[in-house]
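These notes concern the structure reproduced below.
The values are calculated or read from the model by the stated rules, or taken from the named source; none is laboratory data. Please read these numbers as outputs of a predicted model, since none were measured by experiment. Every residue, glycine among them, receives a Cβ derived from its backbone with ideal geometry; neighbour counts consider all protein chains shown. Heads up: the accessible areas ignore ligands, DNA and RNA and are worked out on the full protein's heavy atoms, side chains in. Shrake-Rupley method; radii C 1.70, N 1.55, O 1.52, S 1.80 Å.
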Amino acid sequence: MEAIISTFTNPYYLQVASIMGVYMIAALGLHLITGVTGQFSFGHAAFLSIGAYTSALMSLYLGTPFILNLLVGGLMAALWGVLLGIPSFKLTGDYLGITTLGFGEIVKVVFINMKITGGAGGLGGIPRETNVVVVYSIVVLAIWGLYRLQNSRFGRALLAIREDEIAAESMGINPLLYKLKGFALGTFLAGVSGALYAHLMQYLNPADFGFSRSFEILNFVVLGGLGSIPGTVLGTSVLTLAPEFLRFVREYRMLIYGALMVTMMIFRPYGLLGGIDFGKMFRRYRAQRKSMKDKKAVQG
Amino acid sequence: MRKKRFIFLLTALLAVAMLTAGCGGGGEEAAEGDTIKIGFLGGLTGAHSHYGIETLKGMKMAVEDINAAGGVLGKKLEIVEGDHGSNSSEAANVTQKLITQGVTAIVGDPTTGITKSAAQICQPAQVVLMSAGAVGTGVVEIGDFIYRDVLLDAVAAPAVTKYLKEELGWGKVALVTTTGLPYSESLTSIFKPALEEEGIEIVAEQSIMEKDTNFSAQVTELTRKDFDGVIFTGYYTEGALFMKEMRKQGLNQVMAGGDGLLGKELYELGGNAVEGSMVYAGFAVDKETAAGKTAEFIEKYKANNDGNIPDMFSAQGYDAVMLLADAMEAADSSDPKVFKDTLAATKDWEGVTGTITFDENREPIKSPVYLQEVKDNAFVVKAVIPIS
Amino acid sequence: MFWQQLVNGVTLGSTYALIALGYTMVYGIIQLINFAHGEVYMIGAFTGLIMVVVYKVNFFVAMLAAMLACTVVAVVIEKVAYRPLRNSPRLAPLISALGVSTFLQTLVTLIRGGPNPLPFPQVIQDTVYILGPIRFSKVQVIILILASLLMVFLQCTVKYTKIGKAMRAASEDYATARLMGINVDRVVSFTFGLGAALAGAGGVLVGMYFNSIHPFMGVTVGLKAFCAAVVGGIGSIPGAMMGGIFLGVAEVFGVAMGFDTYKEAIAFALLILVLLVKPTGLFGRPIQRKV
Amino acid sequence: MSALLELKGMTIHFGGLIAVDNFDFQLEKGQVVALIGPNGAGKSTVFNVISGIYPPTAGKVFFNGEDITNMKPYHIKTRGIARTFQNIHLFKKLSVLDNVRIGCHCRGRTGVLGALTRLPGVKAEEKVILEKSLEVLEIVGLANKQEETANNLAYGEQRRLEIARALAAEPLLLLLDEPAAGMNPNEKKNLMEMLKRIRAMGITIMLVEHDMKFVMSISDRVDVLNYGQKIASGTPAEVQNDPLVITAYLGSQTG
């Protein structure tokens, strides 16, 4: 018993769990953009940084409540998401991907050059407000919201765009508008995640939000199973924990990490949970049980 | 088909469970025993691993020396390594892990950014953090468990500027900064008022990027300016390549900069182009001037590293451990809450990177400063500048 | 001043162009952003260094060796990490490419013993020529000549050889090319190899020019070269060349105009601008929506 | 009484190629009209212009008296034109039911907030959509396959799903692009029955089709396109005997 309690109070585990949750929120945002709507975004970290800096500056200079800062951080990221999306969404696939990547790098350079964010020296002294409870409450909220979204008229429109944009358009869906809405929601989650990150790490540096971080989040989503919420959660968990467990292999760590990425893709090109539909499995299971019951009833 | 999927799912879940179980082994409390644990925080892998590797080398040498002489308070020192792969969010995890592993102090990280985020964790956990490289502002202000043993540019740079003006007659300089590198940006912000104070005019300001190799555009911009020398606030790699480009474009001025330039790579990469360029640091690496502990350290380092000279990271890593050990001895305790106060009281402490005194703000003051120039593929002391 | 900066820009741009060609050819055929291409370029530079330092060969032999080594590496990468994913979802080979990229960076760091730069020996006595207001270094001239020769060689290969025709056919319509009896696997391997050879040459040239190479040198250069390929119009060989030079010149003039602290953003800003105005790049063919 | 759909002087160029040249066309409410012609005659292109995927180079499209030229496909859809595609464009990885539900898109209003809150109005809307979807799946005979992934359907079933998806929005005009392609005679017979039922629902149908027997037995009128130009128009019997049409299909006897 004591061991269990100490596990839950061990600051190292709490720290790792918090970071994992923070990334999960960002990954869920990217899941909506790439997994559900099918739009490539290689600059997701930029939206994290926008949310992170916005909320951190609010905490430092305005002293506004944490919840408000989270919200505004998310909204600011969404605003920039829309501003980027309006001109960019006439591009598709890799072109859109590389545009978002470029946007991410530009945002990084702008933060390096900004005075109020402390430039390259970074922004420190941010109060520690984020804890495991806050993080996982938001994770649960985000998952709940995404499930509802995906199983609605709105979510189906996003899925339609992913599957076949021309057909979606012929079904009466305005692709640009829906892509923008999906992107705004996804970047909102990224912004909230960034705000949580800022109040967890208490220090921000533009260099932490470069393209390698964007690709890291993309990895979470793709390796877990593109388009699947359980997949995104699993992918984020495995990949944020992997470095902690691979620590014993020391300098070979990244070698193994890289090789794992390749092997994973070769053996599971749709990701760990790709192609597995839990909803469908559940419905089938229910139907099966029902028919069994019926059979029994008949026999009885 | 469906069975296969289930099996796969099961394996996936099992893998996660195993990983989580493995987690349990990670953070065992250190048994209060016969060793004192000191954590190392830095990148041994990733883009900034060079600094981390060098810091750890220095730390290991210090631990060897201490343990050979009987340890601290009768106990052996032990280094617990925490590699964060040059990734800041992992760095927070690693710091937290080191603390749960029962370290009394952490030495690291060589960069200001990660030091700041680690300091936010160490301060409330009441573990001493001794950064062996963070020179940016706002580090020790985080709390009274946070220290650094670097050469404080705020003190050294003005003294060196004065020397450049008075002894070398520099009146106009070009100032080159590595954008995105906190060390360089902070040093530039110190040099600017210092230059103004001495009446040295900054005729051109250029920015370069870390890991960039092509500086032709910036140098071409300098060709139309008239100046006596270059103040270069970045690291040795870019410094060497920048000077090479200057020679290619027919500029013959030398450069001067901080201890970020101190490394054999400066003349290995720069060759003739850096001949005469100047570097200031808290310790001298040449044979004639280096004495006592510094000379011993250099010799030992060279013996272990194919005759290469140590750079500031290894030297500061060595001193960091030594400083901590001496503070523990003086306090007669390995409890960070106790020995942090004796550490703060350190005065005229002789290390391999110079003589260190912590001032009332716990900032290190090192005196004197050695201005060294590159001569025939070696650093040679040009001037010894006392710091008042 | 203007002319000098132009020379600087064209030299820088021609190294981008050499790498951009690899991206553009591969993308043209299998629509894959080969993120490991920057690492192939890095391996080229290191091979060149080993040849010069350990085997003491002259510069041209070192360059040929680097080209050969890169070709082998790229063909192996393609076989191991991309070919099994030919029919997978679009992001799978991309993630695989990122994995390869991480793997190679770490591998070279391990072999080299750290990420910090190694000096590239001065293989060619670098003399400086002065022409009016412009200063050329001999290495600069060599880079320009070799880069142009390699691009002409490439253009001829693609235009006049049998395998070149197969490449063009495969890039026009992969499935039909396969039905027409073209061994597309061989074509893809050849394309990877050819692109890698150019990147390898680029690695040695850059190593020689700047005298410094390190295991992470391929990351930003690779990204910028990819930008160059997209700006020029992906799939277009002249586009990649022009795109590379365009970006090189733009970067240099950006710095000269005082945007030096924004240098890393210049390539990306241009990329976005070009894409918004002409979504398929400067030399790309317009896409017709297929219904 | 004005026509439901009217094309005036429609011309479409692709680069130098003239795909459709000065094409006039009228469609009355309740009619079934077929557009036929050899491969590459420009039939599908006409569909793509009506449904808004390509803008015409010249000419006008009127629907229900409204000028819909240059409107976006999603706006045209809301006016009451639904279509199927020649090379099936289903949402492949989604279930059959979801495919049809997406077809109902313009009949709903739920946005992000509605989806999150699931207020009674939203639930009611979902119920209507579900009922309508099941109804059209019943019509095309796919009601027992609603949970299946679209990709797993047989070819003929996929064609029928396309029709169901188009019907889900209760369109005024249904554009069918080669609905019988790839079907066996039995399936074609079923399809014909299905189209008759759809017509009975009061939906106007315009179709492009290759199978002459199929076209002749269902259409009120047949228009013939050749190289982008209308060469004949009339009842199936008239068109069948038109010498120009015979030449276009069989090639000129004299060369």
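A compact table of results
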quantity	calculated
Buried on assembly, the range B:239-287 (at least 10 Å² less accessible surface than by itself, 1.4 Å probe)	B:L241, B:K244, B:E245, B:K248, B:Q249, B:G250, B:E265, B:E268, B:L269
Percentage relative contact order, the range B:154-281, counting C-alpha pairs under 8 Å, at least six apart	24
Student exercise, the protein assembly as shown dipole from Lys, Arg, Asp, Glu Cβ charges, in Debye to nearest 20	5960
Heavy-atom accessible area, 1.4 Å probe, ligands and nucleic acids excluded: residues of the range A:203-230 down by at least 50 Å² from chain alone	A:Y203, A:F211, A:F215
Where B meets C: accessible area buried, both sides, 1.4 Å probe, Å²	2600
Directionally averaged shadow of the range C:14-218, computed from the convex hull of its alpha-carbon atoms, nm²	12.5
Percent antiparallel among DSSP beta bridges (both partners in the protein assembly as shown, rounded to 5)	45
Among the listed pairs D:K43/D:K230; B:K76/B:K302; D:K60/D:K230, those beyond 18 Å (Cα-Cα)	B:K76/B:K302
Surface accessible to a 1.4 Å probe, per residue, for the residues of chain D, Å²	44
Acute angle (nearest 10 degrees) that the helix B:49-68 long axis makes with the longest principal axis of chain B, alpha-carbon atoms	70
Apportionment of accessible area to carbon and sulfur, chain A, percent (1.4 Å)	69
Coil-residue trypsin sites (Lys or Arg not before Pro) of the range B:321-388, DSSP, other Cβ within 10 Å capped at 15	B:K347, B:K375
Probe 1.4 Å, all protein chains present, accessible-area order of D:Y227, D:Y74, C:Y82, largest first	D:Y227, D:Y74, C:Y82
Highest-fluctuation residue, A:G38, A:G145, A:G124 considered, GNM on chain A with Cα pairs under 10 Å	A:G145
The range B:154-281: proportion of alpha-carbon pairs further apart than 23 angstrom, %	21
Interface burial for A against B (accessible surface, 1.4 Å probe, total of both chains, Å², rounded to 100)	3300
Accessible solvent surface per residue of chain B, calculated while the other protein chains remain in place, 1.4 angstrom probe, Å²	35
Area of B:V127 that stays accessible when all protein chains are in place (1.4 Å probe, Å², to 10)	10
Partners for B:K300 among lysines (Cα-Cα distance below 19 Å; same-chain residues under 8 apart left out)	B:K57, B:K60, B:K264, B:K287
Spherically averaged projected area of the range A:2-224 from its Cα convex hull (nm²)	12.7
Kirkwood Rh in Å, taken over chain B so that all alpha-carbon pairs contribute	21.9
Across D:K127/D:K188; B:K97/B:K337; D:K72/D:K196; B:K293/B:K382, pairs whose alpha-carbon gap is larger than 23 Å	D:K127/D:K188; D:K72/D:K196
For the range D:81-170, radius of gyration divided by Kirkwood radius, i.e. Rg to Rh on alpha-carbons	0.99
Solvent-accessible surface (1.4 angstrom probe) belonging to C:L223, in square angstrom, nearest 10	10
Accessible-area composition of the range D:30-158, carbon plus sulfur, in percent [1.4 Å probe]	51
With all protein chains modelled, accessible area of D:S44 [1.4 Å, Å²]	30
Within-14-Å neighbourhood charge of B:A174 [Cβ basis; K, R +1; D, E -1]	-3
Distance-filtered residues of the range D:108-140 - backbone nitrogen under 19 Å, label point 7 angstrom along D:A200 Cα→Cβ	D:135-140
Solvent-accessible area per residue for the range C:1-152 (1.4 angstrom probe, square angstrom)	37
Backbone N within the range D:187-230 under 11 Å of label point (7 Å from D:E138 Cα along the Cβ vector)	none
Ranking by accessible area, most exposed first, for C:R186, D:R83 with a 1.4 Å probe	C:R186, D:R83
Using alpha-carbon coordinates, inclination of helix A:211-225 to the longest axis of chain A, degrees	10
At least 18 Å along the helix axis (C-alpha) and Kyte average at least 1.6, DSSP helices within chain C	C:59-77, C:138-160, C:217-232, C:237-256, C:263-277
Delta accessible area of at least 20 Å² on complex formation, residues of the range B:213-229, 1.4 Å probe, chain isolated as reference	B:T213, B:N214, B:S216, B:A217, B:Q218, B:T220, B:E221, B:R224
Top of C:T47, C:T102, C:T127 by mean-square fluctuation, Gaussian network on chain C, Cα under 10 Å	C:T127
In nm, spacing of pseudo-spin labels at A:I116 and B:T355 (7 Å Cα→C-beta vector)	4.7
Distance (nanometres) between label positions extended 7 Å along Cα→Cβ at A:I256 and C:W3	6.0
Between 0 and 90°, nearest 10: helix B:153-166 axis offset from chain B longest Cα axis	10
Kirkwood hydrodynamic radius of chain D, from inverse mean 1/r over distinct Cα pairs, in Å	19.2
Percentage relative contact order, chain D, counting C-alpha pairs under 8 Å, at least six apart	26
D:R109/A:L176 FRET efficiency (R0 25 Å; Cβ-Cβ; nearest 0.05)	0.85
Kirkwood Rh in Å, taken over the protein assembly as shown so that all alpha-carbon pairs contribute	33.4
Accessible area buried at the C-A interface, both sides summed, 1.4 Å probe (Å², nearest 100)	3700
Under 12 Å from B:K162, Cα to Cα: aspartates and glutamates that are on another chain or at least 8 residues apart	B:E196, B:E197, B:E198
Net charge, B:S117 excluded, C-beta distance under 12 Å - Lys, Arg +1, Asp, Glu -1	-1
Straight-distance crosslink candidates among lysines, where the alpha carbon sits under 20 Å from D:K92 and sequence neighbours closer than 8 are dropped	A:K179, A:K280, C:K290, D:K145
Order of exposure, largest accessible area first, which applies to C:R178, D:R79, D:R109 with probe 1.4 Å	D:R109, C:R178, D:R79
The range D:1-80 versus the range B:255-324: alpha-carbon centroid distance in Å	80
